[in-house]
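K.L.:
The structure's right below; bear with me while I get my questions together.
The values are calculated or read from the model by the stated rules, or taken from the named source; none is laboratory data. This is a predicted model, so every value here is computed, not measured. When we count neighbours, we look across all protein chains shown, and the Cβ atoms used for this are built from the backbone with ideal geometry, even at glycine. For the accessible areas, the whole protein counts, side chains as well, though only heavy atoms, and no ligand, DNA or RNA atoms are used. Shrake-Rupley method; radii C 1.70, N 1.55, O 1.52, S 1.80 Å.
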Amino acid sequence: MKCNKILSALALSLLMAGAANATELRLSVETPPGHVRNQAAERWAEEIQKESNGSITVSIFPGAQLYKSADAVRALASGALDLSIQASPTLSQFEPNLSVITLPIFFGSSRDDVRKILDGSLGRELWGMVEKKGIVVPPGGHFEFAPNNSAYTTKKVVESYGDLSGVKLATPPSPVVVSILKEMGASPVATPRSEIVLQLTQGQIDGLGSVTDLTIKGGKLWEAGIANAFADNAGWGVYIPLVSKATLDKLSEADRKIVLDSWDKVVGWARDYSANELADARAINEQNGVAYHDPSTDEIAAMREKMIGVQDQIVKDSGMDADFVKRVADTLSAK
């Protein structure tokens with residue numbers, strides 16, 4: 001009996017010692033629980049814990065509890081934060097070339113077109129640019145959320161590109177997005193996600209620009225007044241898993257591999273889930289009173305041609321690598 005007590009005490013002692021020695025990582029996302037970003041984060045955390053036999057734990061902080069999006073990226077670069085999943089427009093403030101999928105060359109593009117670039121050598125080159133900022137993109141890379149639409153508005157109805165003139169639109173915090181919408185005639189203002197509902201309800205803005213059907217559906221933004229959509233598929237946005245290089249440098253080689261490789265087991269689920277979620281997003285928005293206006297194929301083609309005419313200047317002004325953009329454009333247009 002005494003022997004059993006000693007063995008039990010020893011086992012408890014070893015368990016407590018293991019817990020005390022566990023590596024604890026923090027993952028910050030600005031979206032609320034239930035969002036695909038959060039669900040992907042939860043699966044990533046579970047996979048890391050499973051593969052490490054509990055020696056690595058991940059605490060998830062949703063709803064910008066720790067950091068707003070841009071602050072999270074800075075925290076990753078400094079090592080103050082370990083993990084995050086961020087939208088490409090936000091991250092493009094720190095690595096401008098991430099805006100490549102938002103450029104006019106991607107107007108009208110498909111999910112497969114995005115993967116053609118980001119899943120290949122050009123994508124690896126892009127992730128290498130991010131790593132130079134002190135942030136590592138794990139194997140498996142991005143997952144797409146949806147094509148962007150140029151305007152979702154409250155009272156001002158946009159039925160054509162001409163109707164964009166002077167419309168005040170909150171946009172993701174990307175200089176390229178702001179430049180594109182200005183060239184299209186709108187009055188864009190880069191706005192943190194956390195401020196959008198307040199600005200909509202107070203009438204400070206006319207709507208949102210360069211966001212997606214999922215943005216409206218996920219935030220139930222019809223409750224904040226969004227009543228119209230101008231659906232023109234003007235470029236794409238993706239979510240990107242991120243790991244602080246400073247964090248990885250502190251881990252053993254085995255633990256680094258676990259943290260990075262665990263994402264590769266999650267990304268397939270995230271891509272499928274996002275695609276399925278997008279499939280009914282428009283219908284749900286319409287059921288909640290959002291009226292959709294679809295420009296004709298000719299209108300979209302004419303705007304794309306016009307915007308490609310100013311694309312080189314946008315690339316230059318935003319600090320993007322013109323050679324990289326050209327290689328992306330060549331690859332995108334190749335059969």
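K.L.:
Return a yes/no flag: does region 127-144 have any residue that is buried (at least 19 other Cβ atoms within 10 Å of the Cβ) and assigned to a helix (DSSP H, G or I).
P.N.:
Yes, the conditions are met somewhere in region 127-144.
K.L.:
Filter region 264-287 down to residues that are outside any helix (DSSP H, G or I), among the charged types (D, E, K, R) and modelled with pLDDT of 95 or more, then give me how many there are.
P.N.:
The number of residues fulfilling the criteria is 1.
Let's see how each residue does on (1) of a type outside the set (Val, Ile, Thr); (2) open to solvent by less than 40 Å² (accessible area, probe 1.4 Å); (3) not in a loop (DSSP other than H, G, I, E, B):
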position: Lys257; (1), (2), (3): yes, no, yes
position: Gly289; (1), (2), (3): yes, no, no
position: Pro295; (1), (2), (3): yes, yes, no
position: Asp312; (1), (2), (3): yes, no, yes
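K.L.:
Checking the condition small (Gly, Ala, Ser), open to solvent by 40 Å² or more (accessible area, probe 1.4 Å) and within 28 Å of Glu183 (Cα to Cα), which residue from Gly219, Gly203 passes?
P.N.:
Gly203
K.L.:
Residues of region 160-216 being among the basic types (Lys, Arg) and within 19 Å of Ala229 (Cβ to Cβ), which ones?
P.N.:
The answer is Lys168, Arg193.
K.L.:
Collect the residues in region 237-255 that are closer than 16 Å to Arg37 by Cβ and open to solvent by 10 Å² or more (accessible area, probe 1.4 Å), keeping them in residue-number order.
P.N.:
Hit for region 237-255 is Tyr239, nothing else.
K.L.:
Being open to solvent by 30 Å² or more (accessible area, probe 1.4 Å) and closer than 26 Å to Gly309 by Cβ is the filter here; which residues of region 102-111 pass it?
P.N.:
Gly108, Ser110
K.L.:
Give just the number: which of (1) open to solvent by less than 50 Å² (accessible area, probe 1.4 Å); (2) of a type outside the set (A, V, I, L, M); (3) touching a Gly at 6+ places or on another chain (Cβ under 9 Å); (4) closer than 20 Å to Leu126 by Cα does Asp232 not satisfy?
P.N.:
It fails just one condition, (4).
K.L.:
Applying the selection to region 173-193, what residues are open to solvent by less than 20 Å² (accessible area, probe 1.4 Å) and assigned to a helix (DSSP H, G or I)?
P.N.:
Val176, Val177, Ile180, Leu181
K.L.:
Still on this model: Can you name the condition, by its number, that Gly123 falls short on among (1) part of a helix (DSSP H, G or I); (2) in contact (Cβ under 8 Å) with a residue 40 or more places away in the chain; (3) open to solvent by less than 10 Å² (accessible area, probe 1.4 Å)?
P.N.:
All conditions pass for Gly123, except number (2).
K.L.:
Still on this model: Taking interchain pairs and intrachain pairs at least six residues apart, which have beta carbon atoms under 8 angstrom, with the first residue in region 249-260 and more than 14 Å from Gln49 (Cβ to Cβ) and the second assigned to a helix (DSSP H, G or I)?
P.N.:
Leu251/Val259; Arg256/Leu248; Leu260/Leu248
K.L.:
Kindly indicate the residue of region 115-153 that is among the β-branched types (Val, Ile, Thr) and in contact with a helix residue (DSSP H, G or I) (Cβ under 6 Å, 6 or more places away or on another chain) and also nearest to Ile180 (Cα to Cα) among those meeting that condition.
P.N.:
By that ranking, first place goes to Ile117.
K.L.:
If I ask for residues that are touching a residue at least 60 places away in the same chain (Cβ under 8 Å), open to solvent by 40 Å² or more (accessible area, probe 1.4 Å) and either assigned to a helix (DSSP H, G or I) or of a type in the set (Val, Ile, Thr) (or both), which ones from region 51-71 would you list?
P.N.:
Scanning region 51-71 gives a single hit, Glu51.
K.L.:
Next question. Against the conditions (1) surrounded by fewer than 18 Cβ atoms within 10 Å (Cβ to Cβ); (2) touching a residue at least 12 places away in the same chain (Cβ under 8 Å); (3) more than 16 Å from the chain's Cα centre (by Cα), where does Arg115 fall short? Just the number, please.
P.N.:
Result: Arg115 passes all but (3).
K.L.:
Sticking with this one: If Ala146 meets every condition in (1) of a type in the set (A, V, I, L, M); (2) modelled with pLDDT of 95 or more; (3) closer than 23 Å to Thr297 by Cα apart from one, which number is that one?
P.N.:
(2)
Rundown of residues vs (1) more than 30 Å from Arg111 (Cβ to Cβ); (2) touching a residue at least 60 places away in the same chain (Cβ under 8 Å); (3) among the hydroxyl-bearing types (Ser, Thr, Tyr); (4) in a loop (DSSP other than H, G, I, E, B), yes/no style:
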{"site": "Leu198", "(1), (2), (3), (4)": "yes, no, no, no"}
{"site": "Gly203", "(1), (2), (3), (4)": "yes, no, no, yes"}
{"site": "Lys217", "(1), (2), (3), (4)": "no, yes, no, no"}
{"site": "Val238", "(1), (2), (3), (4)": "no, yes, no, no"}
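K.L.:
Those residues that are of a type in the set (A, V, I, L, M, F, W, C) and touching a Lys or Arg at 6+ places or on another chain (Cβ under 7 Å), I need them from region 180-216; list them, please.
P.N.:
Result: Val189, Ile205.
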